[in-house]
Structures are given as C-alpha cells and as structure tokens.
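Student: Below you will find the structure I want to go over with you.
The values are calculated or read from the model by the stated rules, or taken from the named source; none is laboratory data. Quick caveat: nothing in here was measured; it's all calculated off a predicted structure. Here Cβ is always computed from backbone atoms with ideal geometry, including for glycine, and neighbour counts include all displayed protein chains. To get the accessible areas, we keep the full protein, side chains included, count just its heavy atoms, and leave off ligands, DNA and RNA. Shrake-Rupley method; radii C 1.70, N 1.55, O 1.52, S 1.80 Å.
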Amino acid sequence: MAKKEMETVKGLDIEKYMGRWYELASFPSRFQPKNGVDTRATYTLRPDGTVNVLNETWSDGKRGFIEGTAYKADPKSDEAKLKVKFYVPPFLPIIPVTGDYWVLYIDADYQYAVVGQPSRSYLWILSRQSHVDEEIYNELVEKAKEEGYDVSKLHKTTHSETPPGSDDAPKDTKGIWWIKSIFGK
C-alpha cells in the first residue's frame with residue numbers, strides 16, 4: 001500500500017516558531033548520540049530571513065552541539081518545507097550536509113510541533129517545555145502516525161527536571177559525540 005503524500009503546515013509564522021524547542025522524542029539517527037539527554041534546538045531569525053539553528057544535547061556530562069542554517073525550500077510556497085544545512089564535522093566544519101525539515105503539525109499557540117521529512121526516516125516531536133502530559137504527547141504521536149510514520153521507532157528523550165544552561169557543562173570541543181554517533185554509539 002502506497003503511503004499518502006505528507007501534509008505540511010501552511011502559513012507557518014516563522015517569527016512565532018523562533019526560540020527554544022525541546023525534543024520529546026525522535027527516531028534514532030546517526031547524527032545524535034544514543035545516550036544524549038536534554039536534547040533541544042534553538043532557532044533565531046537572521047536579518048536576511050534565514051534561521052540560525054543551534055542543536056544541543058548532553059552526553060556523558062558534556063555538551064555536544066552543532067550550528068546550522070534553515071531556509072525555505074521554495075520561497076514562493078506557503079508550505080512549511082524548509083531545508084537545513086550543517087557543516088560537519090562540528091569541530092572542523094568543512095563538509096556541507098543539507099536535509100529536509102518539514103513542519104507537519106504546529107498547535108495554534110506554537111507550543112508543540114511535529115517535524116519530519118519526505119522519506120519518513122527522521123521524525124522529531126518538539127515542545128516548548130521539556131516535560132508534557134502523556135495525553136498531549138500521545139496526541140502528537142498520533143499526528144505523526146496520520147502522516148504515515150511508523151511511530152514504534154520513536155525513542156523518548158530524557159530530560160532533567162531543570163534543563164541545563166548552555167554553559168553549565170564542559171563542551172565537547174573535540175567532537176567526540178559526533179564521531180561516536182557516526183559509529184552508532
């Protein structure tokens with residue numbers, strides 16, 4: 001059975017979308033450490049209309065992070081289909097890696113989002129808060145399921161009661177987390 005074409009949010013208010021988002025759950029990927037906790041993304045609108053992306057996670061007590069840029073895939077479209085570009089490895093950013101970032105669901109108050117991409121290989125369930133009621137979480141999972149995702153692959157992200165600040169832990173300046181994640185660690 002063919003999967004239906006994914007529907008994305010139309011008319012995303014990019015300014016309201018800016019700020020910090022906590023990863024409640026995601027599909028495991030080689031770009032994130034398996035033991036990462038307190039994973040989050042912070043989006044900041046740049047004067048040229050692109051978005052600065054800061055992805056952070058803590059692994060073995062150290063902060064791993066990567067910065068990139070997001071932009072509309074088609075500037076003329078009202079669909080929330082973005083491209084995100086990172087340079088890897090993070091400790092020597094020379095190789096550009098570009099991926100799709102499709103906002104599949106956003107609530108009216110811009111507090112919860114479901115983000116994926118056309119192959120359905122990646123999925124993120126995001127919230128402005130690091131912890132949400134199970135009922136809300138289940139509703140977000142259901143939104144992903146409606147878009148054809150195999151939600152049995154979702155992995156819930158562990159968050160501290162008090163999320164760490166970006167400067168609260170030593171930085172992984174050598175990119176060890178990134179290298180380990182490439183090898184599935």
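Student: At a Cα cut-off below 16 Å, give the aspartates and glutamates reachable from residue 16, other chains included and same-chain residues fewer than 8 away excluded.
Tutor: 78, 79, 107, 109
Student: P(r) for region 54-141, please, calculated from all Cα pair distances in 10 Å bins and given in %.
Tutor: P(r) over region 54-141, rounded to whole percents: 14, 38, 36, 11, 0.
Student: Now, a different point. Looking at this model, which pairs from 81/153; 34/72; 62/143; 62/145; 72/153; 76/145 are more than 26 angstrom apart at the alpha-carbon?
Tutor: Values: 81/153 23 Å; 34/72 30 Å; 62/143 33 Å; 62/145 33 Å; 72/153 28 Å; 76/145 29 Å.
34/72; 62/143; 62/145; 72/153; 76/145, as the Cα separations exceed 26 Å there.
Student: Whole-Hz ³J(HN,Hα) for each residue in region 11-25, computed from phi via Karplus 6.51 cos²θ - 1.76 cosθ + 1.60 with θ = phi - 60°, x for glycine and proline: what do you get?
Tutor: With coefficients 6.51, -1.76 and 1.60, one gets x, 4, 7, 4, 5, 5, 6, 5, x, 8, 10, 9, 7, 7, 6 Hz.
Student: Continuing with the same structure: What does the extension gain come out to for residue 98 and residue 129, with contour length at 0.36 nm per residue minus their alpha carbon separation? Numbers along the way, then the final one.
Tutor: On the way: separation 31, 0.36 × 31 = 11.16 nm, distance 2.74 nm.
Value of the extension gain: 8.4 nm.
Student: Average projected area of the Cα convex hull of region 114-153, in nm²?
Tutor: Values: hull surface 11.5 nm².
Its Cα hull, projected and averaged over all orientations, spans 2.9 nm².
Student: With all distinct Cα pairs included, what does the Kirkwood hydrodynamic radius of the chain come out to in Å, to one decimal, could you say?
Tutor: Numbers: mean 1/r = 0.0591 Å⁻¹.
Mean inverse Cα-Cα distance, inverted, gives 16.9 Å.
Student: If amide H atoms are built 1.01 Å from N in the plane of the peptide, which residues on other chains or at least 5 residues away come under 5 Å of the amide H of residue 159?
Tutor: Those lying under 5 Å, H to H, from residue 159 are 38.
Student: Still on this structure: Nearest 500 deg cm²/dmol is fine: what mean residue ellipticity at 222 nm does the chain get from its DSSP H runs of n ≥ 4 alone, each adding -39,500 (n - 2.57), divided by its residue count?
Tutor: Working: 3 runs with 24 residues, N = 185.
Helix contribution divided over all residues of the chain: -3500 deg cm²/dmol.
Student: Give the residue from 164, 121, 21 lying farthest towards the positive end of the charge dipole for the chain; charges sit on Cβ (+1 for Lys and Arg, -1 for Asp and Glu) and the dipole is referred to the Cα centre.
Tutor: 121
Student: Carbon-plus-sulfur fraction of the accessible area of the chain, 1.4 Å probe, in percent?
Tutor: About 54 percent, which is the carbon plus sulfur part of the accessible surface.
Student: Ok, one more. Taking a probe of 1.4 angstrom, what is the accessible area of residue 14 in Å², to the nearest 10?
Tutor: Its accessible surface works out to 50 Å², give or take rounding.
Student: Is there a quick way to get the dipole size of the chain? I mean about its Cα centre, with the Cβ of Lys and Arg at +1 and of Asp and Glu at -1; what is the value in debye to the nearest 20?
Tutor: Working: 26 positive and 28 negative charges, 187 e Å.
Taking the Cα centre of the chain as origin, the dipole is about 900 debye.
Student: Oh, and also: Residue by residue, what Karplus-based ³J(HN,Hα) values in Hz, rounded to whole numbers, does region 103-112 have, using 6.51, -1.76 and 1.60 with θ = phi - 60° and x for Gly and Pro?
Tutor: 7, 8, 7, 9, 6, 4, 9, 6, 10, 9
Student: Continuing with the same structure: Using θ = phi - 60° and the Karplus curve 6.51 cos²θ - 1.76 cosθ + 1.60, what whole-Hz ³J(HN,Hα) does each residue of region 75-89 get, with Gly and Pro shown as x?
Tutor: Computed from phi, the couplings for region 75-89 are x, 8, 8, 9, 7, 7, 10, 10, 10, 10, 10, 10, 10, 10, x Hz.
Student: Output the relative contact order of region 1-116, whole-number percent, from Cα pairs under 8 angstrom with separation of 6+ residues.
Tutor: Values: 203 pairs, mean separation 23.4, N = 116.
Computed value for region 1-116: 20 percent relative contact order.
Student: What do you reckon, how do 12, 140 stack up by accessible area (1.4 Å probe), largest on top? Write down the numbers at each step before the final one.
Tutor: On the way: 12 35, 140 5 Å².
The residues order as 12, 140, largest area first.
Student: Given the protein chains as shown and a 1.4 Å probe, how many square angstrom of residue 103 are accessible, to the nearest 10?
Tutor: 0
Student: Could you do me a favour and compute the accessible area per residue for region 1-112, 1.4 Å probe, result in Å²?
Tutor: On the way: 6070 Å² over 112 residues.
Accessible area per residue: 54 Å².
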